[in-house]
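Here the structure comes first, spelled out in structure tokens, and everything after it is commentary.
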Amino acid sequence: QVRALSLAKFLLRERHVLARTQFGLMRLDVDDAVQIRILEHGAYEPLTVEAVRRLVKAGQCFVDVGAHVGQFALLSSALVGSSGLVIAIEPNPETFCELQTNLALNDCSNVLPVSCAVTSEARIIHFASTQPGNRGAAREVETAAESEFLVGAFDLPSILAAAGVATCDVLKIDVEGN
């Protein structure tokens, strides 16, 4: 599978592939470590995948802070069903577009994608990728000179209130911190 992936990347000069995964159809970037893991091993953080499968039930509200390209949003969308809600929060603009694509590919009408960071107070923050080849490693930086993009940041209760949600049943957080 890895050899085929490398060959396809070389021959097609394409960095994205469309793959059927256990979470649904996903458009994945073969230059990103997390997405390569999904392609090569079937999941990123398989123990967390199993925990989400055990914890999330139909009708619940699942909040995914650091949703990346949507592995957990897709999984929890199926688990909560049409009577539940998933709020998928992703600050990286490029990754957020990939999240939206993956949600659309799977007709996830019960997922609310939110493009922002989660902090203790509302503000604008400078973000930069800290590890080439791993967009999930983006984090806040001190100066505008280091910044790759600006992100609106809000506290989680404000994000939930804007979504019309008083509480969530299951919260997954996978973010970089300072």
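The values are calculated or read from the model by the stated rules, or taken from the named source; none is laboratory data. Quick caveat: nothing in here was measured; it's all calculated off a predicted structure. Counting neighbours? That spans all protein chains shown, and the Cβs are built from the backbone with ideal geometry, glycine included. Surface accessibility is based on the protein's heavy atoms, side chains included, excluding ligands, DNA and RNA. Shrake-Rupley method; radii C 1.70, N 1.55, O 1.52, S 1.80 Å.
Here are the numbers:
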read-out	value
Complete set of residues in the range 156-174 that are in a loop (DSSP other than H, G, I, E, B) and surrounded by 14 or more Cβ atoms within 10 Å (Cβ to Cβ)	ALA163, VAL165, CYS168, ASP169, ASP174
Residue count for the range 83-97, restricted to those that are farther than 19 Å from LEU160 by Cβ and modelled with pLDDT of 95 or more	1
Criterion: out of contact with any Pro (no Cβ under 9 Å at 6 or more places or on another chain), of a type outside the set (Ser, Thr, Tyr) and either open to solvent by 30 Å² or more (accessible area, probe 1.4 Å) or in a loop (DSSP other than H, G, I, E, B) (or both) - qualifying residue of GLU98, GLU142	GLU142
Test: ALA117 is surrounded by 22 or more Cβ atoms within 10 Å (Cβ to Cβ), among the hydrophobic types (A, V, I, L, M, F, W, C) and touching a Pro at 6+ places or on another chain (Cβ under 6 Å)	yes
The range 128-151 residues that are under 10 Å from ALA33 (Cβ atoms), paired with ones that are modelled with pLDDT under 80 and among the hydrophobic types (A, V, I, L, M, F, W, C) (beta carbon under 9 Å, 6 or more apart)	GLN131/ALA137; GLN131/ALA138
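Condition check ((1) charged (D, E, K, R); (2) in contact with a Leu (Cβ under 9 Å, 6 or more places away or on another chain)) across all residues:
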| residue | (1), (2) |
| --- | --- |
| THR21 | no, yes |
| VAL30 | no, yes |
| ALA33 | no, no |
| ILE36 | no, yes |
| LEU39 | no, yes |
| GLU45 | yes, no |
| ALA58 | no, yes |
| CYS61 | no, yes |
